[in-house]
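Inspection log for the structure reproduced underneath, given as structure tokens.
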Amino acid sequence: MKNNKNTDQQLSSFFYPDEKIAIFIDGANLYAAAKSLEFDIDYKRLLTWFSGRARLVRAFYYTALMEDQEYSPIRPLIDWLDYNGYTMVTKPAKEFTDSMGRRKVKGNMDIELAIDMMELADNVDHIILFSGDGDFRRLVESVQRKGVRVSVVSSVRTSPPMVADELRRQADHFVDLLDIMEFIERAPSPTQTVTTGGADVVTATRTASA
């Protein structure tokens with residue numbers, strides 16, 4: 001997708017230059033949405049794009065980790081985010097075997113995200129939530145009652161849609177990932193790509209973290 005000035009201006013109309021904003025990223029959910037749209041996130045570009053539209057107070061990134069692994073492929077990304085403007089919130093993922101004998105990994109970060117959002121709501125004007133999880137609808141409603149606007153970033157252009165209809169309806173604005181892809185997409189790189197599987201799957205390259 002080519003850079004489109006009109007698209008940038010239209011999306012920028014969702015923000016007020018002097019408002020204080022905070023970003024909350026559900027790492028697993030955002031990765032799944034981007035993967036469905038067949039592109040990788042450049043987290044440095046993402047932070048730059050939103051910082052250029054309002055006064056960014058904080059950017060949170062939530063993910064679970066498999067602590068019993070000798071090496072976690074997601075660790076380089078987490079370390080880079082931690083050193084480059086993101087507040088990392090992690091917890092150990094839990095591994096279990098379901099009734100069919102299949103190995104499963106559970107790493108739900110909904111409670112951590114909800115607590116942080118409610119605590120910060122009194123200090124910001126606008127929250128950007130990167131998630132399509134319908135479980136956040138009630139959280140969004142509660143934050144809105146504090147006088148805070150909430151924009152949800154996910155996608156309806158995947159099959160099936162990545163965003164729950166109830167969350168999309170509750171948000172003050174809905175931004176489809178495909179509409180901002182040109183501003184936050186990671187350029188192809190010849191350097192090594194690292195990935196991790198399980199409940200939270202994220203992709204990173206060394207150049208994207210530089």
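The values are calculated or read from the model by the stated rules, or taken from the named source; none is laboratory data. Source: prediction; values computed, not measured. Backbone-built Cβ (ideal geometry, glycine too); neighbour counts: all protein chains shown.
What to note about this one:
- In region 109-122, the residues that are within 16 Å of N29 (Cβ to Cβ) form Cβ pairs under 8 Å with partners that are acidic (D, E) and in a helix (DSSP H, G or I), at six or more places apart or across chains, as follows: D110/D135.
- Checking I25, I21, I78 one by one, the residue that is more than 25 Å from T158 (Cα to Cα) and modelled with pLDDT of 95 or more is I21 and no other.
- Subset of region 54-71 that is modelled with pLDDT of 95 or more and closer than 22 Å to E185 by Cβ - its residue that is farthest from the chain's Cα centre (by Cα): A54
- Within region 44-61, the residues that satisfy the criterion of being in contact (Cβ under 8 Å) with a residue 24 or more places away in the chain, closer than 18 Å to W80 by Cα and either out of contact with any helix residue (DSSP H, G or I) (no Cβ under 6 Å at 6 or more places or on another chain) or surrounded by 18 or more Cβ atoms within 10 Å (Cβ to Cβ) (or both) are K44, L46, L47, R58, A59, F60, Y61.
- Within region 15-43, the residues that satisfy the criterion of being crowded, with 16+ Cβ neighbours inside 10 Å, over 13 Å from the mean Cα position of the chain (by Cα) and farther than 21 Å from D133 by Cβ are F15, K20.
- Scanning region 163-175 for residues that are closer than 25 Å to R53 by Cα and under 17 Å from the mean Cα position of the chain (by Cα) turns up V163, L167, R168, A171, H173, F174, V175.
- Residue ranges of strands (runs of 3 or more DSSP E) in region 103-154 with at least 3 members buried (at least 23 other Cβ atoms within 10 Å of the Cβ): 126-130, 149-154
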